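> Please see the structure below; I have some questions.
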Amino acid sequence: MTTPRVPEKPGLEGLEDKWATRWDDDGVYRFDRTATRERVFSIDTPPPTVSGSLHVGHVFSYTHTDTVARYRRMRGLEVFYPMGWDDNGLPTERRVQNYFGVRCDPTLPYDPDFEPPEKPPKQATAISRRNFVELCDRLVGEDEQKFEELWRHLGLSVDWSMTYTTVGKRAQRISQRAFLRMLGRGEAYQAEAPTLWDVDFRTAVAQAELEDREMPGAYHTIRFPRADGEGDIVIETTRPELIPACVALVAHPDDERYQPLFDSEVLTPLFGVRVPVRAHHLADPEKGSGIAMICTFGDLTDVVWWRELDLPARPIVGWDGRLHGSPPIDFETHRASEHWSELAGKSIKQARERIVELLRDSGDLLAEPRPITHAVKFYEKGDRPLEIVTTRQWYIRNGGRDARLRDALLARGRALHWHPEYMRARYDSWVEGLNGDWLVSRQRFFGVPFPIWYPLDARGEPEYDRPLVPTEDALPVDPQSQAPPGYTEDRRGLPGGFVADPDVMDTWATSSLTPQIACAWGEDDDLFARTYPMDLRPQAHEIIRTWLFSTVVRAHSEFDGLPWTDAAISGWVLDPDRKKMSKSRGNVVTPLNLLEQYGSDAVRYWAASGRPGTDTAFDEGQMKVGRRLAIKVLNASKFALGVIGEHTVPTDPATAVVTAPLDRSLLAALAELVDDATSAFDQYDYARALERTERFFWGYCDDYIELVKQRAYGPGDDAGATSARATLAFALDTLLRLFAPHLPFVTEEVWSWWRAGSVHRSAWPESAPLRAAAAGDGPAAYGVAADVLGAVRKAKTGQQKSMRADVTSATVTDHPDRLALLDAVRADVCDAGRVLELHLVPGEQLAVEVVLADAD
RNA sequence: GGGCGAUUGGCUCAGUUGGUUAGAGCGCCGCCUUCACACGGCGGAGGUCACAGGUUCGAGUCCUGUAUCGCCCACCA
């Protein structure tokens with residue numbers, strides 16, 4: 001060991017910049033790609049959405065992952081820890097629209113000279129798809145830069161040379177390749193079917209993107225006259241505007257009220273369309289009048305009934321959320337057509353208001369609407385309820401319609417190691433509740449296009465069942481601007497020519513491939529072999545159903561295995577009112593301010609105190625505590641190294657210089673700490689590792705250092721002094737390494753005062769050498785010494801004396817076993833407590849009687 | 001409706017297979033101007049561990065039920 005070089009006045013300020021730069025220059029976190037798979041720990045980092053802003057929730061969960069990454073690195077593994085940027089999809093589109101004041105019109109030609117105006121105009125400028133995508137690229141590039149700066153400031157030990165994006169060329173290529181492979185295996189298919197549809201975004205959405213919202217509605221009691229004229233059937237509905245789309249009524253097969261009517265017919269009010277009364281087990285006799293109207297389509301139950309009862313389709317709602325101009329069926333009466341003309345072209349809301357008036361006028365509305373609140377399905381990013389529209393879409397098989405596949409995916413979920421374990425229940429309930437395959441096509445612009453064209457027949461109609469695909473070496477392709485194999489561009493849109501599939505993939509269709517993208521599947525076979533399947537997927541619990549599940553689906557399909565062995569699920573950051581912190585709630589805290597105010601180590605301390613999977617309150621108090629801890633690490637280290645000074649101290653605990661009982665005892669306790677922290681980290685419990693280390697560290701500062709201070713100042717040839725200095729050094733060395741995953745800046749700073757290289761590339765501590773140095777002694781002597789010292793302090797405080805006050809005599813009563821231990825360390829205790837005479841009296845439990853010298 | 005989790009001093013949280021008077025930090029109060037640290041140190045007050053039963057020599061810890069909160073899921077007319 002060289003003589004420590006300790007600053008006069010160590011502080012936290014500037015450590016982030018200093019060490020972030022140094023780590024980068026020295027390549028401390030660079031992935032060594034000569035490492036073989038067994039030596040690699042590979043992490044499937046969640047790519048943050050760059051169109052949003054980073055908030056304290058990101059800092060929270062990414063810190064968790066970083067502590068694990070640093071631990072594994074110190075355990076000698078090469079950590080593959082790339083950062084991704086999720087710049088794909090709707091959030092980016094929305095941000096670009098607002099930021100530049102533009103909107104995408106795919107019919108416009110590309111303008112190579114287009115520049116967005118300085119300030120976004122009131123009226124959005126329409127631009128071509130390619131111009132739009134260029135603006136998306138430009139903006140996400142700026143955002144990614146800002147994100148990286150914040151992450152570096154926080155101290156994520158990411159290899160910044162290995163970032164990827166979810167719209168980049170590689171992601172596109174891999175998304176398209178994976179899709180084509182699934183298409184080839186029949187795992188991707190297209191179908192024209194009723195689809196949940198957002199009328200504002202004008203795109204289909206998947207089951208995973210739904211959320212229920214409680215909305216006001218109203219029950220409308222409506223009369224359906226029987227076709228035979230023998231009276232009426234009364235139904236209740238919240239969607240009266242769908243009466244023209246009604247194709248049947250339905251009741252439960254066991255419902256005696258309606259059994260006589262099954263397979264008879266009724267007439268729809270206002271329109272006089274004959275529809276049958278049918279039986280189906282999903283009809284609930286308890287709901288409303290026990291008989292429901294089936295419309296094409298009001299909700300997903302309608303779709304089930306329509307399919308299973310083989311009913312006709314009479315859709316009336318268009319892609320724009322308005323009723324069609326033309327009627328769903330040729331009405332038989334002039335009156336019916338007039339009613340329809342009152343509704344045609346209206347929005348859902350307008351149509352509902354109008355039809356209620358019409359029903360009231362016609363006498364078919366039997367009671368005034370009764371207001372209720374009910375759950376309505378929304379696209380999670382949408383503003384209006386979803387409609388169901390029949391469209392042609394791409395699907396990926398995910399077990400929603402196939403019990404064998406579902407069981408296989410459930411088995412994958414069981415094979416995955418979840419942290420915490422109970423999070424698996426969310427996976428299971430999601431997979432078990434799937435009601436269809438995964439709808440992956442979106443009618444949007446900024447995303448990975450489907451690598452698909454369709455031939456046009458002689459009449460110019462697309463032949464959807466004969467899709468044209470590129471070869472894999474041509475990927476990525478943009479079918480809008482490139483021609484399929486065997487065609488030239490001038491055949492686009494012409495009879496006998498071709499047309500591009502207009503859709504882009506769901507953002508999750510790409511995100512579900514983050515392991516393949518990060519590990520460069522099909523791009524860099526050598527890297528892939530060293531990193532895939534990955535070790536760890538860290539993520540939040542609310543996207544188990546989307547990100548985690550879809551990633552399992554893709555890996556199962558392509559590689560017949562799990563994409564990773566472990567999943568670590570982090571909780572949320574809650575604001576003081578125990579609500580989730582999110583941008584939309586307006587309660588987010590800008591992380592950079594926090595990092596600058598408290599220091600990155602302090603904020604990391606707060607984050608790392610949140611246990612895996614547990615929602616954690618945002619608590620600046622914890623950051624203050626973290627800051628205090630970081631400062632304490634600096635000061636205690638400075639002191640310990642100052643005591644050691646220029647004395648020679650061995651670097652290896654095995655050198656048998658630790659001879660004092662107190663020192664051996666301390667090292668025994670330290671060995672237990674090392675085991676404890678190690679097993680906690682092995683189970684991904686970074687919080688427990690931190691808590692234990694912190695507790696030990698305060699004892700080290702307050703008790704151990706105080707106890708050995710005097711002895712350690714002794715001359716170089718004194719065995720007790722040598723023992724104390726060696727123990728101070730071993731303990732400091734060990735504690736710094738134990739803290740390093742949590743407090744990377746301050747530990748590195750101290751490390752640099754007296755050690756070579758980076759603490760983050762040093763070995764994780766091992767307990768065996770410490771235990772060997774303790775030479776069979778246990779941790780108890782240290783505990784007894786601390787207890788007695790505490791009692792002496794208490795006495796001094798009780799008499800309002802300085803800690804420097806002399807103790808004339810102290811009488812310790814305790815169990816003989818503990819007295820024996822105390823006897824062995826009595827010199828240290830007397831020195832630290834300034835005890836002149838120490839008497840030991842055998843007894844049952846600890847009691848200390850202290851006589852203080854007169855103050856004057 | 002089904003499931004998961006939580007409930008410990010004013011606040012934020014520990015409490016690993018059940019074991020003696022339940023721990024920590026913040027906040028509060030008091031003391032110590034200590035030669036590493038006032039961005040400090042020492043100490044104090046403060047809890048019938050949500051509630052009700054049960055198992056046990058012994059329950060914050062295990063079982064049953066209840067309540068409250070949060071989340072996940074569900075074919076909610």
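The values are calculated or read from the model by the stated rules, or taken from the named source; none is laboratory data. On a predicted model such as this, the values are computed, not experimentally measured, just so you know. Cβ placement follows ideal geometry from the backbone for every residue including glycine, while neighbour counts extend to all protein chains displayed.
> For the stretch A:1-117, please list each of the helices (runs of 4 or more DSSP H) lying entirely inside it that holds at least 1 residues being more than 16 Å from RNA strand B (Cβ to nearest atom) and under 30 Å from residue A:135 (Cβ atoms).
In the stretch A:1-117, A:56-74, A:90-100 are the helices (runs of 4 or more DSSP H) which contain 1 or more residues that are more than 16 Å from RNA strand B (Cβ to nearest atom) and under 30 Å from residue A:135 (Cβ atoms).
> Turning to a different aspect of this structure: Just for the stretch A:562-590: of the residues that are touching a Gly at 6+ places or on another chain (Cβ under 9 Å), at pLDDT 85 or above and outside any loop (DSSP other than H, G, I, E, B), which one is surrounded by the most Cβ atoms within 10 Å (Cβ to Cβ)?
Residue satisfying both the conditions and the ranking: A:569.
> Now for a different question. Given (1) acidic (Asp, Glu); (2) in contact with a strand residue (DSSP E or B) (Cβ under 8 Å, 6 or more places away or on another chain); (3) closer than 30 Å to residue A:454 by Cα, identify the lone condition not met by residue A:380.
Tallying (1) acidic (Asp, Glu); (2) in contact with a strand residue (DSSP E or B) (Cβ under 8 Å, 6 or more places away or on another chain); (3) closer than 30 Å to residue A:454 by Cα, residue A:380 fails exactly one: (3).
> If a residue counts only when it is within 30 Å of residue A:161 (Cα to Cα) and not acidic (Asp, Glu), which helices (runs of 4 or more DSSP H) contained entirely in the stretch A:420-536 have at least 2 such residues?
By residue number, A:507-511, A:514-518, A:525-531.
> Can you tell me which residues in the stretch A:683-696 are farther than 13 Å from residue A:612 by Cα and either of a type outside the set (Lys, Arg) or surrounded by 17 or more Cβ atoms within 10 Å (Cβ to Cβ) (or both)?
A:691, A:692, A:693, A:694, A:696
> Okay, moving on. Take the stretch A:283-296 and flag every residue that is of a type outside the set (A, V, I, L, M) and crowded, with 21+ Cβ neighbours inside 10 Å.
If the condition is that a residue be of a type outside the set (A, V, I, L, M) and crowded, with 21+ Cβ neighbours inside 10 Å, then A:295, A:296 are the ones that fit.
> Keeping to the stretch A:32-50, report how many residues are surrounded by fewer than 20 Cβ atoms within 10 Å (Cβ to Cβ) and in contact with a Ser or Thr (Cβ under 9 Å, 6 or more places away or on another chain).
2
> If the Cβ limit is 6 Å and pairs must be 6+ apart or interchain, which residue in the stretch A:781-801 that is assigned to a helix (DSSP H, G or I) and within 6 Å of RNA strand B (Cβ to nearest atom) pairs with which residue that is hydroxyl-bearing (Ser, Thr, Tyr) and at pLDDT 90 or above?
Between residues of the stretch A:781-801 that are assigned to a helix (DSSP H, G or I) and within 6 Å of RNA strand B (Cβ to nearest atom) and residues that are hydroxyl-bearing (Ser, Thr, Tyr) and at pLDDT 90 or above, there is no close pair.
> Restricting the stretch A:297-328 to residues that are of a type outside the set (Asp, Glu), in a loop (DSSP other than H, G, I, E, B) and within 16 Å of RNA strand B (Cβ to nearest atom), which is surrounded by the fewest Cβ atoms within 10 Å (Cβ to Cβ)?
Checking each candidate, the answer is A:309.
> Sticking with this structure for a sec: Yes or no: residue A:819 hydrophobic (A, V, I, L, M, F, W, C), crowded, with 18+ Cβ neighbours inside 10 Å and free of Cβ contacts under 8 Å to residues at least 40 places away in the same chain?
Numbers: hydrophobic (A, V, I, L, M, F, W, C): yes; crowded, with 18+ Cβ neighbours inside 10 Å: yes; free of Cβ contacts under 8 Å to residues at least 40 places away in the same chain: yes.
Against the criterion (hydrophobic (A, V, I, L, M, F, W, C), crowded, with 18+ Cβ neighbours inside 10 Å and free of Cβ contacts under 8 Å to residues at least 40 places away in the same chain), residue A:819 qualifies.
> How many residues are outside any strand (DSSP E or B) and within 16 Å of RNA strand B (Cβ to nearest atom) when one looks only at the stretch A:364-395?
Residues that pass the stated criteria total 10.
> What number goes with the only condition from (1) at pLDDT below 95; (2) over 30 Å from residue A:684 (Cα atoms); (3) small (Gly, Ala, Ser) that residue A:483 does not pass?
If we test residue A:483 against (1) at pLDDT below 95; (2) over 30 Å from residue A:684 (Cα atoms); (3) small (Gly, Ala, Ser), just (1) comes out false.
> State whether the residues of the stretch A:82-103 include one that is surrounded by fewer than 17 Cβ atoms within 10 Å (Cβ to Cβ) and farther than 30 Å from residue A:444 by Cβ.
No; the residues of the stretch A:82-103 include none that is surrounded by fewer than 17 Cβ atoms within 10 Å (Cβ to Cβ) and farther than 30 Å from residue A:444 by Cβ.
> Do we have residue A:600 as polar (S, T, N, Q) and more than 10 Å from RNA strand B (Cβ to nearest atom) here? Step through it out loud before you land on a result.
Numbers: polar (S, T, N, Q): yes; more than 10 Å from RNA strand B (Cβ to nearest atom): yes.
When the stated conditions are applied, residue A:600 passes them.
> So which residues in the stretch A:154-192 are touching a Gly at 6+ places or on another chain (Cβ under 8 Å) and modelled with pLDDT of 95 or more?
If the condition is that a residue be touching a Gly at 6+ places or on another chain (Cβ under 8 Å) and modelled with pLDDT of 95 or more, then A:173, A:174, A:177 are the ones that fit.
> Also, I was wondering about something else. Mind checking whether some residue in the stretch A:834-845 is outside any loop (DSSP other than H, G, I, E, B), over 30 Å from residue A:680 (Cα atoms), within 13 Å of RNA strand B (Cβ to nearest atom) and β-branched (Val, Ile, Thr)?
No, the stretch A:834-845 has no match at all.
> Let me ask another. Of all residues in the stretch A:255-296, how many are more than 9 Å from RNA strand B (Cβ to nearest atom) and without any contact (Cβ under 8 Å) to a residue 24 or more places away in the chain?
Qualifying residue count for the region: 5.
> Go through (1) crowded, with 22+ Cβ neighbours inside 10 Å; (2) free of Cβ contacts under 8 Å to residues at least 60 places away in the same chain one by one and return the number of the condition residue A:156 breaks.
With respect to (1) crowded, with 22+ Cβ neighbours inside 10 Å; (2) free of Cβ contacts under 8 Å to residues at least 60 places away in the same chain, residue A:156 is out only on (2).
> Could you check how many residues of the stretch A:773-828 are more than 21 Å from residue A:841 (Cα to Cα) and among the β-branched types (Val, Ile, Thr)?
The qualifying residues number 1.
> Any chance you could count how many residues in the stretch A:60-98 are farther than 21 Å from residue A:540 by Cβ and among the acidic types (Asp, Glu)?
Qualifying residue count for the region: 2.
> Only one of A:607, A:636 is within 6 Å of RNA strand B (Cβ to nearest atom) and buried (at least 20 other Cβ atoms within 10 Å of the Cβ). Can you tell me which? Quick ask: steps written out before the conclusion?
Values: A:607 fails: within 6 Å of RNA strand B (Cβ to nearest atom).
Matching residue, one of A:607, A:636: A:636.
> Just give me the residues in the stretch A:616-632 being in a loop (DSSP other than H, G, I, E, B) and within 6 Å of RNA strand B (Cβ to nearest atom), in sequence order. Step through it out loud before you land on a result.
Applying the first criterion (in a loop (DSSP other than H, G, I, E, B)) to the stretch A:616-632 yields A:618-619.
The answer is A:619, and nothing else.
> Evaluate the following for residue A:831: is it in contact (Cβ under 8 Å) with a residue 40 or more places away in the chain, surrounded by 13 or more Cβ atoms within 10 Å (Cβ to Cβ) and among the charged types (D, E, K, R)?
So residue A:831 passes the test.
> Hey, any hits in the stretch A:189-198 for a residue that's within 10 Å of RNA strand B (Cβ to nearest atom), closer than 30 Å to residue A:545 by Cα and surrounded by fewer than 22 Cβ atoms within 10 Å (Cβ to Cβ)?
Checking the stretch A:189-198: not a single residue is within 10 Å of RNA strand B (Cβ to nearest atom), closer than 30 Å to residue A:545 by Cα and surrounded by fewer than 22 Cβ atoms within 10 Å (Cβ to Cβ).
> Among (1) part of a strand (DSSP E or B); (2) more than 14 Å from RNA strand B (Cβ to nearest atom), where does residue A:813 come up short?
It fails just one condition, (2).
> Mind telling me which of the residues A:785, A:768 ends up being over 30 Å from residue A:155 (Cα atoms), surrounded by 16 or more Cβ atoms within 10 Å (Cβ to Cβ), within 51 Å of the chain's Cα centre (by Cα) and of a type outside the set (D, E, K, R)?
On inspection, the qualifying residue turns out to be A:785.
> Residue A:352 - would you say it is within 16 Å of RNA strand B (Cβ to nearest atom), of a type outside the set (Gly, Ala, Ser), over 17 Å from residue A:243 (Cβ atoms) and assigned to a helix (DSSP H, G or I)?
Values: within 16 Å of RNA strand B (Cβ to nearest atom): yes; of a type outside the set (Gly, Ala, Ser): yes; over 17 Å from residue A:243 (Cβ atoms): no; assigned to a helix (DSSP H, G or I): yes.
It is false that residue A:352 is within 16 Å of RNA strand B (Cβ to nearest atom), of a type outside the set (Gly, Ala, Ser), over 17 Å from residue A:243 (Cβ atoms) and assigned to a helix (DSSP H, G or I).
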